[in-house]
Amino acid sequence: MLKVKFDEKKFFFCFDTMDFSSILLKWYASNARELPWRNTTDPYSIWVSEVILQQTRVAQGLPYYYRFMERFPTLQVLANAPLDDVMRVWQGLGYYTRARNLYYGARQVMDEFGGRLPSTYLQLLKIKGLGPYSAAAVASFAFGEPVPAVDGNVFRILARLFGVFTPIDSQAARREFFNLAQELIPHDNPGAFNQAIIDYGALQCTPKSPQCSICPFSEFCYAFQNNLVNSLPIKGKRIIPRDRFFYYFMISHQGDTFIKKRTNRDIWHSLYEFPMVEQSKLLNSEELVKMISGVELFQGAEVVVLHVSDVIKHKLSHLNIWATFIILEIDKPPYILLSNYIKLSVNQLHNYSLPRLIDSYMAAEPVEQYFIKQK
DNA sequence: AAAACGGGGCA
DNA sequence: TGCCCAGTTTT
């Protein structure tokens, strides 16, 4: 049975390592999720899955994993592909730096590690996009290294089980939970343990409405015994989203329109978008007309506004974007437009990776009528 | 230590 | 609506 150790500094008790992992692994044997990256020990496949699943639910990432592996089946294929192809597969998944880092990480492995992913936690940490969690995941899943992979699930389980009140987004918490997990992980099967505890968090010890009534650990669970299941783990302050106001110009010229790649240090890096201006506030119709007439991209051209969309609120974790799409026709594209933007037919837009905001707007609004090609 | 960085699903 | 998801990087 479970042995209980008392820590003199903190008022939580510790499970005997062997008992905790054996009970967990027994649960896992009959409850494990069937996932494609679990049928392989190929470090590249596992790497890809880990990056896709960063801050992303399995259900959301799964179709992206299949598409990614179909298009980039090996590290070599990925490293030799154009970045735009990678971004195109990643479109809609969010956190686009992940895709860029995975791509440059693959090239880094080609350059610095002879095309083979290194096999230790410490070496894996040097790869772009592999942080403490992902490096541990790859090291334990693919190479059997006994290093704990501490993700949101593990934070939650350990916080509840042992009554850890340290806010989980603090630096201190990272060390604390890593050390705790380090004591629990069995050295004979660390990969299965890491997968098991993650699944336990995803399926049993869920953020809301966990299944405490059938939990084999409930008898020794601090949170359950003290009615604090809904209060643990302690989460840090939530950030208040900032407002930004985007005005996109869908330029119609002989059935064509214009786009450009985002390259600033900002959201949606490496994705494409229409010409746009950002304003510090929402414009009324009078200000909108004035703003449009002042856009330098259109100087010297005859501009006719064909359509102005409703204001679309697009929520990101840290931003509220208030977007307006302005469809306008110009008689003659100025040089500054031709030289800085890609001219293309609207039905070719799907070949470029676009932010969800733009993609969704195009799907919702019948814009084709404004892009009929004149003879 | 804190902020930046997406998008979707669920009560 | 608010929370949170197989987190990492930058400031």
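Counting only helices (runs of 4 or more DSSP H) that sit completely within the range A:69-149, those holding 1 or more residues that are touching a Lys or Arg at 6+ places or on another chain (Cβ under 8 Å) and within 16 Å of DNA strand B (Cβ to nearest atom) correspond to A:83-90, A:97-112, A:132-143. The set of residues in the range A:54-82 being under 24 Å from A:THR263 (Cα atoms) and surrounded by fewer than 14 Cβ atoms within 10 Å (Cβ to Cβ) consists of A:GLN55, A:ASN80, A:PRO82. All told, A:ALA181 meets the bar of being over 23 Å from the mean Cα position of the chain (by Cα), at pLDDT 95 or above and within 15 Å of DNA strand C (Cβ to nearest atom).
Could you check how many residues of the range A:106-129 are surrounded by 20 or more Cβ atoms within 10 Å (Cβ to Cβ) and within 20 Å of A:ALA149 (Cα to Cα)? Before the answer, list the steps.
Taking the range A:106-129 first, the residues surrounded by 20 or more Cβ atoms within 10 Å (Cβ to Cβ) are A:106, A:109, A:117-118, A:121, A:124, A:127, A:129.
Now restrict to residues that are within 20 Å of A:ALA149 (Cα to Cα): A:117-118, A:121, A:124, A:127, A:129.
Residues in the range A:106-129 being surrounded by 20 or more Cβ atoms within 10 Å (Cβ to Cβ) and within 20 Å of A:ALA149 (Cα to Cα): 6 in total.
Within the option set A:ARG238, A:ARG265, being modelled with pLDDT under 95, under 21 Å from the mean Cα position of the chain (by Cα), within 16 Å of DNA strand C (Cβ to nearest atom) and not in a helix (DSSP H, G or I) holds for one residue only, A:ARG238.
I'm trying to understand the selection: among the residues of the range A:93-116, which are over 19 Å from A:MET69 (Cβ atoms) and away from DNA strand C (no atom under 14 Å from the Cβ)? A:ASP111, A:GLU112, A:PHE113, A:GLY114 - these are the residues of the range A:93-116 that are over 19 Å from A:MET69 (Cβ atoms) and away from DNA strand C (no atom under 14 Å from the Cβ).
Taking the range A:197-223 as the range and being touching a helix residue (DSSP H, G or I) at 6+ places or on another chain (Cβ under 6 Å), surrounded by fewer than 20 Cβ atoms within 10 Å (Cβ to Cβ) and part of a loop (DSSP other than H, G, I, E, B) as the test, only A:PRO216 passes. Number of residues in the range A:139-167 that are surrounded by 21 or more Cβ atoms within 10 Å (Cβ to Cβ) and within 9 Å of DNA strand C (Cβ to nearest atom): the value is 7. Checking the range A:10-17 against the condition returns a match, with at least one residue being surrounded by fewer than 16 Cβ atoms within 10 Å (Cβ to Cβ), touching a Lys or Arg at 6+ places or on another chain (Cβ under 8 Å) and modelled with pLDDT under 95. A:CYS205 falls short on exactly one of the conditions (1) in the same structural domain as A:ILE336 (by TED's automatic domain parsing); (2) at pLDDT 95 or above; (3) not polar (S, T, N, Q), and that condition is (1). Taken over the range A:159-196, residues that are part of a helix (DSSP H, G or I) and in contact (Cβ under 8 Å) with a residue 40 or more places away in the chain amount to 15.
The values are calculated or read from the model by the stated rules, or taken from the named source; none is laboratory data. Keep in mind it's a predicted model, so treat the numbers as computed, not measured. Note that we place each Cβ from the backbone using ideal geometry, even for glycine, and neighbour counts take in every protein chain shown.
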